[in-house]
Amino acid sequence: MFEIRPAALSEFALLPSIEAEADTAFEALDPPMSIANFPPPGTAADFAAAFHIMVAGRPPAGFVRLEIVDGLAHLEQLAVTPEYGRQGIGRSLVAAAKAWAQEAGFSAMTLCTFADVPFNGPFYASCGFTEIPADHWTPGLAAAREHESQLGLDALGRRIVMKIALNVPE
């Protein structure tokens with residue numbers, strides 16, 4: 001299994017290509033999602049500005065990007081290159097992100113994702129996340145969803161917000 005660790009500053013430049021490669025998995029869906037309609041990958045500067053990024057492997061085969069939304073840890077992005085897909089790396093990155101967030105004192109973690117893409121909504125549900133109805137979104141989550149809508153993601157498939165409680169150590 002790959003070592004999961006905080007990203008080194010020198011690795012931020014590698015993350016855009018991992019994101020772009022990971023996005024190609026959407027084209028293999030039935031029906032496929034055209035990644036031509038996806039927002040472009042983040043830049044090295046975008047990743048450097050993230051709250052926290054963890055990577056799997058040396059060099060990285062995947063990463064998880066965490067932000068803070070309304071005082072909660074927010075799983076902004078998870079990406080694993082197709083070469084290493086379906087090997088448990090994504091699940092390990094999510095588990096490491098949850099453990100890190102819990103240790104950092106966050107009471108919960110949220111995320112926004114495609115509801116019906118097997119490696120999105122159903123995958124996160126298998127990691128313990130549950131859907132939050134729109135009338136329970138915090139202002140920050142509502143803003144995140146509005147931003148996604150403006151990027152055109154809603155036109156590609158149903159998007160949902162999910163959350164998992166973290167047991168914060170005393």
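The values are calculated or read from the model by the stated rules, or taken from the named source; none is laboratory data. Since the model is a prediction, treat every value here as computed from it, not as a measurement. Positions of Cβ are backbone-derived with ideal geometry, glycine not excepted, and every protein chain shown enters the neighbour counts. Ligands, DNA and RNA are excluded from the accessible area calculation, which covers all protein heavy atoms including side chains. Shrake-Rupley method; radii C 1.70, N 1.55, O 1.52, S 1.80 Å.
Observations, loosely collected:
- First in segment 12-26 and closer than 12 Å to Pro60 by Cα, second anywhere and of a type in the set (Phe, Trp, Tyr), Cβ under 7 Å, 6 or more apart: Phe12/Phe47; Leu15/Phe47; Leu15/Phe63; Ile18/Phe63
- Within segment 1-28, tally of residues that are outside any helix (DSSP H, G or I) and at pLDDT 90 or above: 6
- Filter pass, Gly88 being open to solvent by less than 20 Å² (accessible area, probe 1.4 Å) and not charged (D, E, K, R): no
- Within segment 123-160, the residues that satisfy the criterion of being of a type in the set (Asp, Glu) and either in contact (Cβ under 8 Å) with a residue 12 or more places away in the chain or touching a strand residue (DSSP E or B) at 6+ places or on another chain (Cβ under 8 Å) (or both) are Glu131, Glu148.
- In segment 101-127, of all residues being over 29 Å from Ile35 (Cβ atoms) and either touching a Gly at 6+ places or on another chain (Cβ under 6 Å) or of a type outside the set (Ser, Thr, Tyr) (or both), the one that is most open to solvent (accessible area, probe 1.4 Å) corresponds to Glu103.
- Condition met for Glu67 (open to solvent by less than 50 Å² (accessible area, probe 1.4 Å), closer than 30 Å to Thr138 by Cα, at pLDDT 95 or above and of a type in the set (D, E, K, R)): yes
- Residue among Ala73, Ala56, Ala50 that alone is closer than 23 Å to Phe26 by Cβ and surrounded by 22 or more Cβ atoms within 10 Å (Cβ to Cβ): Ala56
- Among residues of segment 128-155, those that are over 17 Å from Phe106 (Cβ atoms) and either surrounded by fewer than 17 Cβ atoms within 10 Å (Cβ to Cβ) or among the charged types (D, E, K, R) (or both), counted: 18
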